[in-house]
Amino acid sequence: MRGAPPETNSRAEYFTYMARTTVNGIEIYYEQHGNGPSLLLIPGLGTDTRLFGGVVPSLARSHHVITFDPRGAGRSSAPPGPYLIEQMADDAAALLGALGVEQADVVGYSMGGRIALGLALDHPGRVRHLVLAATSARSPVTRPFTRRWLAMEVLSRLPTPGDRQPRGAWESQRTASVEYDASARLGEITAPTLILHGRGDHMTPLALAEEMRAAIAGSTMVTVPGGHLSLVTRQRRRFAAEVDGFTTV
């Protein structure tokens, strides 16, 4: 059984349900959309369920889509840090358990990809298929005055309209992501794995995605034009199609 009965969304053919549940001592905000095999979408640093707003309608036609705000983001609790990627992976596993979902296809985007890696490594029974989007198993070195440095050190510090994340929580997420390195454990992953990446990604260079493809046995990589967010913006139809095709094999 899922965490609550579905509610009909009059603007769509699939149900939408939004709620909070307590896992690991904190409140996690989550959404459920559609029917079918369960598909967990994990957003990245400084983002929440809104990151997937452009792809959920397509994916919910054939999946029971679950997405949530990781600890420190959106409408979930923002406890004092430090945070760990492994801790956020435990939150994701506990959320699936609370919703009565034994196993799901898991899609992680950017920092969410590291959470997805943690889920696949520490809770392998929860992951049916693994999709790693715009992410890597370790962080690249951030050099001054590069595009990555500008985004992480300058633009990220500017307030944005409708921001739901306390600054301290963002810093805790960022530190967790930067310090995470699963590159030595990639050979342990047994779930069928698809890697999706923008060829012009300056936040997470393509070379790091290629490292994952080489280390995860049997993994497949698909590249698209564009940068770090292109998969959920200009390439969102391709993203949804690749995820749908890979997880419904």
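What follows draws every value from the coordinates through simple rules; no lab data is involved. What you see is a predicted model, and the numbers here were worked out from it, not measured in a lab. Neighbour counts are summed over all protein chains in view; Cβ atoms, including those assigned to glycine, are modelled from backbone coordinates with ideal geometry.
Shape of region 89-145 from its Cα gyration tensor (a ≥ b ≥ c, root eigenvalues): rounded if a/c is under 1.5, otherwise prolate when a/b > b/c, or oblate? Provide the component values of the computation, followed by the final result.
Working: a/c = 2.92, a/b = 2.50, b/c = 1.17.
Cα axes put region 89-145 in the prolate bin.
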Based on the mean of other beta carbon atoms within 10 Å per residue, what is the order of 216-224, 61-69, most packed first?
61-69, 216-224
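For region 16-247, what is the percent of antiparallel DSSP beta bridges, rounded to the nearest 5? If you can, show how the numbers build up before the last one.
Working: 13 of 35 bridges.
For region 16-247, the DSSP antiparallel bridge percentage is about 35.
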Cα-based shape type of region 16-247, given that a ≥ b ≥ c are square roots of the gyration tensor eigenvalues and the cut on a/c is 1.5:
rounded
Lys/Arg +1, Asp/Glu -1 at C-beta; region 16-247 dipole; positive extreme among LEU96, PRO225, ALA116:
PRO225
Per-peptide average of other Cβ atoms within 10 Å, ordering 39-52, 97-110, 166-179, 187-200 highest first
39-52, 97-110, 187-200, 166-179
MET203's amide H: which non-local residues (gap 5+, or another chain) put their own amide H closer than 5 Å, with H modeled 1.01 Å from N in plane and none for Pro or chain starts?
HIS228
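Using C-alpha positions alone, give me the convex hull volume of region 20-114 per residue in cubic angstrom. Write down the numbers at each step before the final one.
On the way: hull volume 7.9 nm³, N = 95.
So the per-residue Cα hull volume is 84 Å³.
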